[in-house]
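Below is one structure, written out as structure tokens; the observations come after it.
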Amino acid sequence: MAEEIENLERDESQEQKERKFPLKLILIVVAVVVLAGGGFVGWTMIQKEPAEEVGPLEAAPQPKAAEAPEESEVGMMFQMDPFVVNLSDPGGKRYLKAKIELEFTYEPVRKELTARLPQLRDSILLHLSSKTMEEIQSVDGKIELRNALIKRINQVLKTGKIKNLFFTQFVIQ
């Protein structure tokens, strides 16, 4: 009888070991599958964002040779001579020196920019000299100034428009 109890206890302990091993194995496999699935879902979501951005561009009609290139392309640049103006501060002791480059989309705009350079410089000088140091000292002020200058320049141009304006030098003294 004692032998039978020992055999039963041995059998029970072996059964428990056999049960624990598959249970641990199943839990490990489930954890690996869940982590791999989460990684795959995250990776596909990250990969879908650029694909969605590219999708509408592919569906858009391709521009002709005479039309402007796609918005994502860097346009041609037109460099202007530096501007030095008195700012509209009380006492008139503040100066601004700014160098501006204009980005445009197709070649006929360069000819118009060159032809209308005196008008453009006059418009830019008048606008810059109407600003105070407080208005243009912050980043937001510079962005507002850029947008206002783009609007003024595009009003002067007749055959084309500029795409962007860059301050390559901006010094307030």
Amide H within-cut-off set for residue 99, under 5 Å, with H built and near neighbours excluded: 83, 168, 169, 170
Number of Lys pairs in the stretch 76-172 closer than 23 Å at Cα, excluding neighbours under 8 places apart unless interchain, is 23
Other residues with Cβ under 15 Å from the Cβ of residue 116 give, with Lys and Arg +1 and Asp and Glu -1, a net charge of +3
Rough spin-label spacing in nm, given labels placed 7 Å along Cα→Cβ, for residue 76 and residue 152: 2.5 nm
Out of residues 5 or more away from residue 164 or on other chains, whose amide H comes under 5 Å of its own, with H placed 1.01 Å from N in the peptide plane? 103
Given a Förster distance of 30 angstrom, what is the FRET efficiency for residue 134 paired with residue 111, based on the Cβ-Cβ distance and rounded to 0.05? 0.20
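Only the coordinates and a few stated rules stand behind these numbers; no lab work does. Just so we're clear, the structure is a prediction, and the values are computed from it rather than from any experiment. Glycine also receives a Cβ, built like all others from the backbone with ideal geometry; neighbour counts cover every protein chain displayed.
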